[in-house]
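Engineer: Below is a structure I'd like to ask you about.
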Amino acid sequence: MTNKWMLCLFLGIYTGMWAQKNSPEIQSLNQKKAAYAAISDQIWDWAEMGYQEVNSSALLAETLKNNGFKVTMGVAGIPTAFIAEYGTSGPTLGILGEYDALPGLSQQAIPALAPAGGVGGHGCGHHLFGTASVAAAIEVKNFLTRTGTPGKIRFYGCPAEEGGSGKVYMVREGLFDDVDVVLHWHPASTHGASAAASLANKSAKFRFKGISAHAAAAPDQGRSALDAVEAMNMMVNMMREHMPDGSRIHYVITDGGKAPNVVPNFAEVYYYARDKDRKVVMNLFDRIVKAAEGAALGTETQMEYEIIGGTHELLPNLTLQRMVHEKLVQVGGYSYSQADQQFAQSISTTLDKPLPISAAQKIAPFQEVGIPGGSTDVGDVSFAVPTVGMRIATWVPGTPSHSWQAVATGKTNIAHNGMMVAAKTITLSAIELLQKPKLIEQARSEFIQRRGSNFVYTPLIGDRSPALDYRN
């Protein structure tokens, strides 16, 4: 009797999984792969920088509008941010989509370092991110229409994730206040839906103004803004000995003068401060400001700084993560065609830490604790609403993000296959939440417990307007 009961249970679970994996929505995604590949390839070609994604955001918004969504452009004071919504009642699910590229990563879609002549490239795969999320939103809408299930689906067009903190302005504007759960994903070189972690981040551009003079004939009459930048950098580098373990500070001199024989009257340095705890980041940033003030005092220059971005760390939600992991396992990875293998093998020879190509077929085991690495403005979303994500292999296994190899692979069948795995997993996860409202309640309960009942959201960007020109 017990064995029969277990067999019936197994068959029931298997039948349910089979039905979901072969649902009309998943079949629709299979049929539309070429169409979505064309959309992602077009965004890859444009490779628009943060807050400059005019064409990319318009294409995704138009795709949603043509599929019955109500689209609102220019939300949160950002021309390239938008919301697309379908449905009028029931649980509200949000899906995030990004589409900004990175500067300095121009690259052809070939397995060799070969700049394409543009100013940037999709080294983080956001062209795939935005497209797969749009595809999932459309199929969730189709599910609501087909079944009559109560619910709303809302797509968030999120610009300038790469340092511009686009979502932070959207959170600050209250655009997530009425959402029950938010789903997202990110391109990677392996598949996994374990609990993720990220570093909180605060960034700013420090600008020094000095006095120009002939560097040889009248050096005593000049005051070098570049000296101030270098003095600031030296003090910050000395500060590294006295930072908490795991903290990170990065900088790049964005303007150091124009000619060696002219004392620079202007110089600028762009700083990031990171840590797994936003409170530590705020302290580090204050110390960086003090170094800038000291540098200005010592070089007799003037200093001002502009906050560019600031993000919270990610707040995990294991209730949602376990569910998404199950759906990712259900969807599974993908196999390489012969052409894919040839491309991947060429890329692998250029990697410092290549992984077997077969990794694209596997889903990483679930883990409850993530190791923080980079930063993301999804962190702020995760403090506003229960949020869940995953990483999907759209690059050759072992490929680091923000690399020419990631850009090169982004316009291949490998990338398109990964993109569709993401779209299917988000679709099945959203349907699961709509069919099981108690799962949403459990996720909300965990969210409140982790965040704290007395939590008050304070954006690290303060009250500044969106830094629309930060890539200029």
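Engineer: Could you list, in their original order, any pairs among Lys33/Lys353; Lys205/Lys290; Lys141/Lys202; Lys209/Lys276 whose Cα atoms are separated by more than 25 Å?
Structural biologist: Exceeds cut-off: Lys33/Lys353; Lys141/Lys202; Lys209/Lys276.
Engineer: Going by how many other Cβ atoms sit within 10 Å of their own, how do Asp227, Asp463 line up, fewest first?
Structural biologist: Taking fewest neighbouring Cβ atoms as first place, the list is Asp463, Asp227.
Engineer: Could I ask something else about it? On C-alpha positions alone, give me the angle between the axis of helix 318-331 and the longest principal axis of the chain, in degrees, nearest 10.
Structural biologist: Roughly 60 degrees, rounded to the nearest 10.
Engineer: Given the convex hull over the Cα atoms of the chain, what projected area results after averaging over all orientations, in nm²?
Structural biologist: 25.2 nm²
Engineer: While we're looking at this one, here's another question. Which ³J(HN,Hα) values in Hz, rounded to whole numbers, follow from the phi angles of the range 188-201 under the Karplus curve 6.51 cos²θ - 1.76 cosθ + 1.60, where θ = phi - 60° and Gly and Pro get x?
Structural biologist: 7, 10, 9, 9, x, 9, 6, 4, 9, 9, 8, 9, 5, 8
Engineer: I would also like to ask the following. I need the trypsin sites (Lys or Arg not before Pro) found in the range 244-351, filtered to DSSP loop residues with at most 15 other beta carbons within 10 Å of theirs.
Structural biologist: Here the sparse-neighbourhood loop sites are Lys258.
Engineer: In debye, nearest 20, what is the charge dipole magnitude of the range 200-311 about its Cα centre with +1 on Lys and Arg Cβ and -1 on Asp and Glu Cβ, if you could check?
Structural biologist: For this selection, approximately 380 debye.
Engineer: So, R0 is 60 Å and r is the distance between the beta-carbons of Val329 and Lys209; what FRET efficiency does that work out to, to 0.05?
Structural biologist: Numbers: r = 57 Å, r/R0 = 0.95.
That pair, Val329 with Lys209, gives E of 0.55.
Engineer: Next up: When ranked by the protection proxy of mean other Cβ atoms within 10 Å per residue, highest first, what sequence do the peptides 127-135, 144-152 form? Before the final figure, lay out the partial values.
Structural biologist: Working: 127-135: 30.0, 144-152: 15.2.
Result, highest mean Cβ count within 10 Å first: 127-135, 144-152.
Engineer: About the Cα centre of the range 131-186, what is the dipole size in debye to 20, counting +1 per Lys and Arg Cβ and -1 per Asp and Glu Cβ, all else neutral?
Structural biologist: Once rounded to the nearest 20, the dipole reads 220 debye.
Engineer: Take the alpha carbon atoms of the range 218-247, find their center, do the same for the range 248-300, and report the distance between the two centers in whole angstrom.
Structural biologist: So the separation of the two Cα centres works out to 7 Å.
Engineer: Something else about it: Any idea how far the Cα center of the range 17-95 sits from the one of the range 371-446, in Å?
Structural biologist: What the calculation gives is 15 Å, centre to centre.
Engineer: While we're looking at this one, here's another question. Taking the chain as the reference, fit the longest principal axis to its C-alpha atoms, fit the long axis of helix 126-147 to the helix C-alpha atoms, and give the angle between the two in degrees, 0 to 90, nearest 10.
Structural biologist: Helix 126-147 sits at roughly 30 degrees to that axis.
Engineer: Right, another one. Can you sort Ser23, Ser335 by how many other beta carbons sit within 10 Å, fewest first? Provide the component values of the computation, followed by the final result.
Structural biologist: Details: Ser23 19, Ser335 12.
Ascending Cβ contact count within 10 Å gives the list Ser335, Ser23.
Engineer: Next question, about the same structure. If each residue of separation counts as 0.36 nm, what is the full-extension length gain between His242 and Glu441 once their alpha-carbon separation is subtracted?
Structural biologist: Net length gain for the segment: 67.3 nm.
Engineer: Using only Cα atoms and rounding to the nearest 10 degrees, what angle (0 to 90) does helix 33-46 make with the longest principal axis of the chain?
Structural biologist: 0 degrees
Engineer: Still on this structure, I have one more. Highest mean first, how do 298-309, 359-370 rank when packing is the count of other Cβ atoms within 10 Å averaged over residues?
Structural biologist: Highest mean packing first, the order is 298-309, 359-370.
FYI, it's all coordinate maths here, none of it is from the lab. Remember, predicted model here, so these are calculated numbers, not experimental data. Heads up, the Cβs are rebuilt from the backbone with ideal geometry, glycines too, and the neighbour counts pull from every protein chain shown.
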